[in-house]
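Undergrad: Quick one: this structure, given as structure tokens, is what I'll be asking you about.
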Amino acid sequence: MKKRTILSPVSKIAFLALFVLLSMGACKSKKKVVAPAPAPATEQAPPPPPAPAPAQPSAEEVAVGKLENYFSSIANASNVDAANRTINEALNMFTNKETPVLIVIHEESGIKDYDEPTTIEKYLHYLKDTKKNLNFVSDIRLDNSGRVSELELRRRK
């Protein structure tokens, strides 16, 4: 027969304490076993560069927009007095009343054919008389003071 050894409760507690101490000593880290590991520090990504500001329109683009509005206003004027007032306003954008206006009638391989050259004053009165705005600004040249010194128009398609 086998002999049974009865362990007393004190020896059981001592055995359990010895086991816990050995397991705690076997850990390579001196940190508490139950403490969660701290989250690694995350680097904050640098803020994205600010979006570039919308490009401001050039002086030529602004002048073209104003001229197109003037041309439409003159052609669609309800009476002659209103058209004449708009013509006088539009003439302030030009170096003088004799500023050349060239109208392209045909272009092939970079070579342009122009209608008979005219002046801005004659062209604006032409718009008033015909009440048709058939051309658009294709090229504009400004002088140092920002006034139009030459204007090139093309037929709308």
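Undergrad: Residue by residue through the range 97-109, note down the ones that are open to solvent by less than 100 Å² (accessible area, probe 1.4 Å), touching a Lys or Arg at 6+ places or on another chain (Cβ under 9 Å) and assigned to a strand (DSSP E or B). Even if it seems obvious, please write down each step before you answer.
TA: Residues of the range 97-109 open to solvent by less than 100 Å² (accessible area, probe 1.4 Å): 99-104, 106-107.
Imposing the further condition that a residue be touching a Lys or Arg at 6+ places or on another chain (Cβ under 9 Å) reduces the set to 99, 101-104, 106-107.
Correct list: Val101, Leu102, Ile103, Val104, His106, Glu107.
Undergrad: State all residues of the range 57-91 that are over 18 Å from Leu134 (Cα atoms) and of a type in the set (Asp, Glu); if no residue qualifies, say none.
TA: Glu60, Glu61, Asp81, Glu89
Undergrad: If you go through the range 81-96 one residue at a time, how many are aromatic (Phe, Trp, Tyr) and open to solvent by 20 Å² or more (accessible area, probe 1.4 Å)? If you could, list the steps in order and put the result at the bottom.
TA: The initial filter retains those residues of the range 81-96 that are aromatic (Phe, Trp, Tyr), namely 94.
Right, trim to open to solvent by 20 Å² or more (accessible area, probe 1.4 Å) and you get none.
Number of matching residues: 0.
Undergrad: Filter the range 119-135 for residues that are closer than 15 Å to Ile103 by Cβ and either aromatic (Phe, Trp, Tyr) or surrounded by fewer than 15 Cβ atoms within 10 Å (Cβ to Cβ) (or both) and give the result.
TA: Within the range 119-135, Lys122, Tyr123, Tyr126, Thr130, Lys132, Leu134 qualify.
Undergrad: Go over the candidates Lys157, Lys112 one by one and state the one that is out of contact with any Asp or Glu (no Cβ under 8 Å at 6 or more places or on another chain), assigned to a strand (DSSP E or B) and open to solvent by 30 Å² or more (accessible area, probe 1.4 Å).
TA: On the way: Lys157 fails: assigned to a strand (DSSP E or B).
From the options Lys157, Lys112, the qualifying one is Lys112.
Undergrad: Follow-up. Taking only pairs six or more apart or across chains, which ones have beta-carbon atoms under 7 Å, a first residue in the range 121-147 that is farther than 14 Å from Asn79 by Cα and assigned to a helix (DSSP H, G or I), and a second residue that is open to solvent by 90 Å² or more (accessible area, probe 1.4 Å) and not aliphatic (A, V, I, L, M)?
TA: Listed pairs, sorted by first residue: Glu121/Lys97.
Undergrad: Could you identify the single residue in Ser149, Ser78, Ser138, Ser73 that is open to solvent by 40 Å² or more (accessible area, probe 1.4 Å), under 22 Å from Glu60 (Cβ atoms) and out of contact with any strand residue (DSSP E or B) (no Cβ under 7 Å at 6 or more places or on another chain)?
TA: Details: Ser149 fails: out of contact with any strand residue (DSSP E or B) (no Cβ under 7 Å at 6 or more places or on another chain); Ser78 fails: under 22 Å from Glu60 (Cβ atoms); Ser138 fails: out of contact with any strand residue (DSSP E or B) (no Cβ under 7 Å at 6 or more places or on another chain).
The match here is Ser73.
Undergrad: Moving to a separate point now. Can you find a residue that is of a type in the set (D, E, K, R), at pLDDT below 90 and surrounded by 15 or more Cβ atoms within 10 Å (Cβ to Cβ) anywhere in the range 45-67?
TA: yes
The values are calculated or read from the model by the stated rules, or taken from the named source; none is laboratory data. Just so we're clear, the structure is a prediction, and the values are computed from it rather than from any experiment. Quick reminder, even Gly has a Cβ in these numbers, built from the backbone with ideal geometry, and neighbours come from all protein chains shown. Side chains are part of the model used for accessible areas, which takes the heavy atoms of the whole protein and leaves out ligands, DNA and RNA. Shrake-Rupley method; radii C 1.70, N 1.55, O 1.52, S 1.80 Å.
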